[in-house]
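Read through the structure below, which is laid out as structure tokens, and then see the notes.
The values are calculated or read from the model by the stated rules, or taken from the named source; none is laboratory data. Being a predicted model, the structure only gives us computed values, none of them experimental. Heads up, the Cβs are rebuilt from the backbone with ideal geometry, glycines too, and the neighbour counts pull from every protein chain shown.
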2 protein chains.
Amino acid sequence: MREPAAIIGVGCTRVGEHWESSVLDLAVEACLRALEDAGNPPVRALYVGNAASEILNEQGNLAALLADVLALEGVKAVEVRAGDASGALAFHQACLDVAAHGPGEGAVLACGVEKMTDVLAPEVERVGMLFEDARCTFHSGITIPGLCALLTRLYMDAFGPSYEDIVLFAVNDHRNAVNNPCAQYPFPIKPETIMGSPIVADPIRLFDTPGIGDGAAAAVLCAPEEAPKLSDTPVVVRASEVASGRMNFCEREDMFSIGSLRAAAKRALEAAGVSIKDVSFFEVHNTTSVVGILALEELGLAERGEGWRLVKEERIAIGADWPVNTMGGLKGRGHPWGATGLYQIVEATWQLRGEAGKNQVEGAQVGLTHNMSGLGSLSCVHILARGR
Amino acid sequence: MREPAAIIGVGCTRVGEHWESSVLDLAVEACLRALEDAGNPPVRALYVGNAASEILNEQGNLAALLADVLALEGVKAVEVRAGDASGALAFHQACLDVAAHGPGEGAVLACGVEKMTDVLAPEVERVGMLFEDARCTFHSGITIPGLCALLTRLYMDAFGPSYEDIVLFAVNDHRNAVNNPCAQYPFPIKPETIMGSPIVADPIRLFDTPGIGDGAAAAVLCAPEEAPKLSDTPVVVRASEVASGRMNFCEREDMFSIGSLRAAAKRALEAAGVSIKDVSFFEVHNTTSVVGILALEELGLAERGEGWRLVKEERIAIGADWPVNTMGGLKGRGHPWGATGLYQIVEATWQLRGEAGKNQVEGAQVGLTHNMSGLGSLSCVHILARGR
């Protein structure tokens, strides 16, 4: 499946506490922006990524409902679900749909949305654990920050960095979020501020974890061959790959491996016919800093145990070797679970169109996005490229 | 997208109260049976349809978890969700995946599963309403049987049948369930037994509504051109179509229309290049009897308001004009939400392979399945045909 689709429009809401909006309102806003950006083409299918709206918002069947509200009666409507990988997975399915149908059959709309502030924070933590293996993790009482804490300690012990070294990943996120008009936390943060914030699960500090936020992001897709007619700045999906991995840490090759990311990235690079060196920037899934660092290692940007050095030496900053999370990542832009994968697509599209403002990666030709569920039970990797 | 895929293996569990099994156990059982039936080909992708496992079973991310447990580490794993249309929607996405990739890349496994007995019945009713528009229906306090009751009364008033006439649809289901080894209720039922059962929502009686049951069903797919090599009895997916419709009754063309079914069936028949007269049997989504009758009308088997006569005259029995729900339908086989669409696929495959035993539709060449969410917010129509 070569060049499955092209992106001709993107749109999103700001990530934040949208007390005035429902999950549906947010999705509608993102979709209308993306459709307008695409010149309002006829839409023949809608894909929605969402992690947990039945529990968080007492509203399921979001794809059918969104189709109805967007006056798309009759179109195919599909909801896709994989915890916080739901957004990229919905985008993947939309790409498949375009690839299976070919040109001339109308555009496909992909939307990711999550409204997390309708419930209290402990409920968000509980729901987040439903995407792990209940037998091993949820029913043990541990949380995602708890798992990240174990991983951080192990990483520190094995490879030598201090926790203050590790949180520099979050510092990079915040630095880049400053110029993202849709970021939840558009301000810089100092490592000492993170270190001084409350402990969530020792050693993880509050400001090293994504906030709880609401948001929606959307993209409009068509067949690659028709994109130049429909857009002056098309972005081509060169590869869209999804891979599962061992869900439980204790069953992985080693505690630091994210097999799903390795497999998805390998397949995506092969399908796109590019090497990692050809990639101009990376949007990775940093549940906390240590996970972002492991993602860099798994992508081959650093050897195992060396990713933290890449961060400390600021080699992941915009303008440096490997720009990472150029619009703020999970920590800076925010992490509304089912929306995150599509925020990455929107931001990568901005970069490849040259619309990333002060955060523009000069000469960006190819971008890689990585969205995963939990700590790697499923990874979605997309490789996008400037379309003309 | 012509002949997107072929079916080379199917399997399912019995529908019932599986106290000894988890949602994962059920899915594993169905998948292993389908894979064995297909000769255990290499699998490259897994699709799972499920409506509400996070709430019902405190276990989400079923696709990634199932891939892990089935030792399919690394394969793509996608969960698809649309209330009780989740099963057929997962099957549709699996067909798309096969169509997008073409032959020679490995088989795709589609599974539908629901474990409904982990919670009490009122919670099942509550969760069932989460797939409707919360603003109009869920928050009004009405339930699916309540909506069916309104519809039944309106139908009786508009077109003249008694409720006893209408429940003959359920009687047909039970008659056919007798010979289905996986049916939840494999026994005949008399109309007077239904009429004597407790009122759920006047006039709907308990025995006119699907029971609460657990189950899983699965199918193995490959490209149509490679199916004859992999199976002696391949079944071809001639068309796989999904359409949304107005979610709320008050916004529909008329109260009896199921626009999503009409649109999906029209597109499916066109794509398959067959007329409704060419279809040997039908598996339709009968939430209660009146919905089954409306489905017959929407498919064009009877004029509006005449569907109940088709049922009363036993023209939907096996051996009659239009065999319907040949293995028991939602009432007789059972209706484990996310699994139902795949049970229909399994049963249609049995018919097209000539493996339906005493319920075999003689000379069955083409079968149509219809699975929908709630009362028609989304419909999935599949047209399957004997492969050689």
Legend entry - Residue, nearest to B:His101 (Cα to Cα), within the stretch A:59-72, restricted to residues that are part of a helix (DSSP H, G or I) and small (Gly, Ala, Ser): A:Ala63
Legend entry - Given (1) facing another protein chain (nearest Cβ under 7 Å); (2) buried (at least 24 other Cβ atoms within 10 Å of the Cβ); (3) modelled with pLDDT under 95, number of the condition A:Ile144 does not satisfy: (1)
Inset, instruction - Among the numbered conditions (1) over 21 Å from A:Val78 (Cβ atoms); (2) within 12 Å of chain A (Cβ to nearest Cβ); (3) modelled with pLDDT of 95 or more; (4) more than 19 Å from the chain's Cα centre (by Cα), tell me where B:Val23 comes up short. - result: (4)
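Per-residue answers, yes or no, for (1) in contact with a Ser or Thr (Cβ under 9 Å, 6 or more places away or on another chain); (2) under 26 Å from B:Val127 (Cα atoms); (3) crowded, with 24+ Cβ neighbours inside 10 Å; (4) hydroxyl-bearing (Ser, Thr, Tyr):
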| site | (1), (2), (3), (4) |
| --- | --- |
| A:Glu54 | no, yes, no, no |
| A:Gly74 | yes, yes, no, no |
| A:Val98 | no, no, yes, no |
| A:Pro103 | no, no, no, no |
| A:Gly112 | yes, yes, yes, no |
| A:Met116 | no, yes, yes, no |
| A:Phe131 | yes, yes, yes, no |
| A:Ala134 | yes, yes, no, no |
| A:His139 | no, yes, no, no |
Legend entry - Residue selected from the stretch A:82-91 under the condition of a type in the set (Gly, Ala, Ser) and on the phi < 0 side of the Ramachandran plot, by the criterion farthest from the other protein chains (Cβ to nearest Cβ): A:Gly87
Inset, instruction - Keeping to the stretch A:177-195, report how many residues are under 13 Å from A:Thr326 (Cβ atoms) and touching a helix residue (DSSP H, G or I) at 6+ places or on another chain (Cβ under 6 Å). - result: 3
Legend entry - Matching option when the condition is facing another protein chain (nearest Cβ under 8 Å), touching a Leu at 6+ places or on another chain (Cβ under 6 Å) and on the phi < 0 side of the Ramachandran plot, among A:Ala67, A:Ala52, A:Ala5, A:Ala94: A:Ala67
Inset, instruction - Please find, among A:Val291, A:Val346, the residue that is touching a Cys at 6+ places or on another chain (Cβ under 6 Å), assigned to a helix (DSSP H, G or I), within 24 Å of B:Val78 (Cα to Cα) and away from chain B (no Cβ under 14 Å). - result: A:Val346
Inset, instruction - Could you list, in sequence order, all residues of the stretch B:129-159 that are of a type in the set (Phe, Trp, Tyr), farther than 28 Å from B:Gly60 by Cβ and either free of Cβ contacts under 8 Å to residues at least 40 places away in the same chain or part of a loop (DSSP other than H, G, I, E, B) (or both)? - result: none
Legend entry - Residue check for B:Val80: touching a Gly at 6+ places or on another chain (Cβ under 7 Å) and in contact (Cβ under 8 Å) with a residue 12 or more places away in the chain: yes
Inset, instruction - Check A:Val236 against each of (1) out of contact with any Cys (no Cβ under 7 Å at 6 or more places or on another chain); (2) crowded, with 24+ Cβ neighbours inside 10 Å; (3) not small (Gly, Ala, Ser) and name the one condition it does not meet. - result: (2)
Inset, instruction - Please tell me if B:Ala45 is within 19 Å of the chain's Cα centre (by Cα) and not aromatic (Phe, Trp, Tyr). - result: no
Inset, instruction - Take the stretch B:128-184 and flag every residue that is closer than 19 Å to B:Ser197 by Cβ and among the charged types (D, E, K, R). - result: B:Arg153, B:Glu164, B:Asp165, B:Asp173, B:Arg175
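Residue-wise test of (1) over 26 Å from B:Asp232 (Cα atoms); (2) touching a residue at least 60 places away in the same chain (Cβ under 8 Å).
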{"residue": "B:Ile318", "(1), (2)": "no, yes"}
{"residue": "B:Trp322", "(1), (2)": "yes, no"}
{"residue": "B:Gly338", "(1), (2)": "yes, yes"}
{"residue": "B:Thr349", "(1), (2)": "no, yes"}
{"residue": "B:Gln360", "(1), (2)": "no, no"}
{"residue": "B:Gly363", "(1), (2)": "no, yes"}
{"residue": "B:Gly367", "(1), (2)": "no, yes"}
{"residue": "B:Leu375", "(1), (2)": "yes, yes"}
{"residue": "B:Leu384", "(1), (2)": "no, yes"}
Inset, instruction - Scan the stretch A:332-339 and give yes if some residue there is in contact with a strand residue (DSSP E or B) (Cβ under 6 Å, 6 or more places away or on another chain), assigned to a loop (DSSP other than H, G, I, E, B) and under 19 Å from A:Asp278 (Cβ atoms), otherwise no. - result: no
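Every residue in the stretch A:1-56 that is free of Cβ contacts under 8 Å to residues at least 12 places away in the same chain, over 18 Å from A:Gln184 (Cβ atoms) and in a helix (DSSP H, G or I), please. I'd like the intermediate steps shown before the answer.
Step one: list which residues in the stretch A:1-56 are free of Cβ contacts under 8 Å to residues at least 12 places away in the same chain, which gives A:20, A:25, A:40, A:54.
The next check asks that each one be over 18 Å from A:Gln184 (Cβ atoms); those that pass are A:40, A:54.
Passing the criteria: only A:Glu54.
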Inset, instruction - Return a yes/no flag: does the stretch B:225-247 have any residue that is in a loop (DSSP other than H, G, I, E, B), within 14 Å of chain A (Cβ to nearest Cβ) and farther than 30 Å from A:Ala71 by Cβ. - result: no
Inset, instruction - Please specify each residue of the stretch B:73-128 satisfying the condition of being part of a helix (DSSP H, G or I) and within 12 Å of the chain's Cα centre (by Cα). - result: B:Ser86, B:Gly87, B:Ala88, B:Leu89, B:Ala90, B:Phe91
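Just checking, which of A:Asp232, A:Asp214, A:Asp254 is in contact (Cβ under 8 Å) with a residue 60 or more places away in the chain and more than 15 Å from A:His382 (Cβ to Cβ)?
A:Asp214
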